[in-house]
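Notes follow once the structure below has been shown.
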Amino acid sequence: MRPSAVETTSIAGRFREFLRNSQLALERITTPAAYLLLFGGGQLAWLWSQRLHFGVWVPASATICFVVLLVWQRLDGCWRQKYWLLLVLTGIMTIGPMVGAIITRAHLGLTFEYDGLAKDEVAIDRLLHGQQIYGISWQGTQVDGYSYVFGGLETRHFNHLPLTVLVGVPIRLLTAAAGIPFDYRMVLICFIVVGIAAISWLPATYQARFMVICGLMLNPALATIGVTGHDDITYLVAVFAGLALLARRQKVLACLAFGLSAALKPFGALAIPLALIILYRQWKQSAIFPRRQAILCLVTIAAPCALSIVPFLVWNPGAFWRDVVLFTNGGISDAYPISGFGLSALLVALGIFRPIDYFPFGVLQLAALVPLFWIALRALPIRPTLGRFIGFYTSAFFAFAFLARFFAHNYVATLVALACCVLPLAGIPLQSGDLAPARLHETALDDLSAA
């Protein structure tokens, strides 16, 4: 039987009421105070639990700053000052533990660090000596300490893109000149500083940027893995730098940032189609299509990948293909095993696959991404906002990671951090010229320049 008109109206009314209640609930938890309490409190609890690694001064000073800022949330206004205090708290909570871990390592060596950090450091040294970094054995180096990972797979392959190594070369040379032991977390600290600057330059209110800083930089899901040396913050910073530049109508520099994100990790490439959609919308609104600028933007997007990858492809194409492509996607006998929290791991748990089996998960990823970007092509130009851009990027990230050969815990942490940035930036126009309130143009970086 078909439902009556009264029943249909009742169902629609209940659904609208559910949406209103959901919106009210989201508004309660998406406030600067809630973000600070949730993410800052979680990070603070983790710091106290790990004080043997970083000492007592880090969690103690972070606690004082956190309590002051949390109490200050009860008072209205002063968002510029609150934001600056949050940046101080970020330095203590996020950068402080990394500095403490670097100092501790000088006495204890590698203890709880991520195996990729050990390989990046060895790769930088090999590159400075003109040696290969792909298709080689890592035995006899500090990577030997991670030979327990999947039966020693980490000592046989290097699956990081070249730019991950190249960005560490200048800092490695500076530390050598200063006589300081090099630690790859020094590179990550530099990226964090750039990321804070990029978020501070977003054409958004202080409250919105306050929550984004909490979601990205104070989020214990992401900040804690940064202490161990995971490099996920690098391409995230490049994406947000590109977003800030795009919003400020710095099209060529924005394309360069998005190109760098793709050259640092494949996840960064997922932002490029979204950026091109926004750029095409802006070019289409011009009286004359800026063909020269469009070509320059496309070249700038492709340049980081071309300049960083092509030399290694020419140097040893077979080794690069095995380490970077086949090792992570399957196709060789000692490929990275199917694992993690995605569809592939579920299929293994159901007995459909073995961890060592090969399956073209790339086909599934492509099948999910094509309709998603098609929806973005239709929806993003209609209402281009910072939140919608990050929302589509988060959706693409989830589809790509969930359908990959492995969905690691650091990908989950990145996904959580991205998702937490969608609502704070919702409704904020992507083009700074479209913002009506003049206050939205004022950022912490502008204040610093004026000072």
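Condition check: in a loop (DSSP other than H, G, I, E, B) and surrounded by fewer than 24 Cβ atoms within 10 Å (Cβ to Cβ). Does R172 satisfy that? Working first, answer last.
Values: in a loop (DSSP other than H, G, I, E, B): no; surrounded by fewer than 24 Cβ atoms within 10 Å (Cβ to Cβ): yes.
For R172, the condition - in a loop (DSSP other than H, G, I, E, B) and surrounded by fewer than 24 Cβ atoms within 10 Å (Cβ to Cβ) - is not met.
Restricted to region 225-266, and to residues there that are of a type in the set (S, T, N, Q) and in contact with a Leu (Cβ under 9 Å, 6 or more places away or on another chain), the residue that is farthest from A101 (Cα to Cα) is S261. If you take the residues of region 1-60 that are modelled with pLDDT under 75, in a helix (DSSP H, G or I) and of a type in the set (G, A, S), which of them is surrounded by the fewest Cβ atoms within 10 Å (Cβ to Cβ)? This residue is A5. Close contacts from region 341-353, counting a first residue that is free of Cβ contacts under 8 Å to residues at least 12 places away in the same chain and a second that is surrounded by 15 or more Cβ atoms within 10 Å (Cβ to Cβ) and among the hydroxyl-bearing types (S, T, Y), with Cβ to Cβ under 8 Å and a gap of 6+ residues or different chains, come to V348/S339.
Do the conditions hold for G229, that is, is it surrounded by 23 or more Cβ atoms within 10 Å (Cβ to Cβ), in contact (Cβ under 8 Å) with a residue 24 or more places away in the chain and closer than 18 Å to V412 by Cα? Yes; evaluated as a whole, the condition is true for this residue.
If you check I199 against the conditions, is it at pLDDT 95 or above and buried (at least 16 other Cβ atoms within 10 Å of the Cβ)? Explain how you work it out, then say what you get.
Details: at pLDDT 95 or above: yes; buried (at least 16 other Cβ atoms within 10 Å of the Cβ): yes.
Answer is yes for this residue.
Tell me, please, whether a residue that is surrounded by fewer than 18 Cβ atoms within 10 Å (Cβ to Cβ) and either under 20 Å from G229 (Cβ atoms) or touching a strand residue (DSSP E or B) at 6+ places or on another chain (Cβ under 9 Å) (or both) can be found in region 81-94. There is no residue in region 81-94 that is surrounded by fewer than 18 Cβ atoms within 10 Å (Cβ to Cβ) and either under 20 Å from G229 (Cβ atoms) or touching a strand residue (DSSP E or B) at 6+ places or on another chain (Cβ under 9 Å) (or both).
With a requirement of 1 or more residues that are surrounded by fewer than 22 Cβ atoms within 10 Å (Cβ to Cβ) and among the hydroxyl-bearing types (S, T, Y), the helices (runs of 4 or more DSSP H) lying completely within region 239-354 that satisfy it span 272-284, 291-315. Number of residues in region 129-150 that are in contact (Cβ under 8 Å) with a residue 24 or more places away in the chain and either buried (at least 22 other Cβ atoms within 10 Å of the Cβ) or within 20 Å of T234 (Cβ to Cβ) (or both) equals 3.
State yes or no: is L70 part of a loop (DSSP other than H, G, I, E, B), farther than 25 Å from G168 by Cβ, aliphatic (A, V, I, L, M) and out of contact with any Cys (no Cβ under 6 Å at 6 or more places or on another chain)? Can you show your working first?
Working: part of a loop (DSSP other than H, G, I, E, B): no; farther than 25 Å from G168 by Cβ: yes; aliphatic (A, V, I, L, M): yes; out of contact with any Cys (no Cβ under 6 Å at 6 or more places or on another chain): yes.
Taking the combined requirement at face value, the residue does not satisfy it.
The values are calculated or read from the model by the stated rules, or taken from the named source; none is laboratory data. Fair warning: this is a prediction, and the values are worked out from it, not measured in the lab. Here the Cβ is made from the backbone with ideal geometry for all residues, glycine too, and neighbour counts use every protein chain on show.
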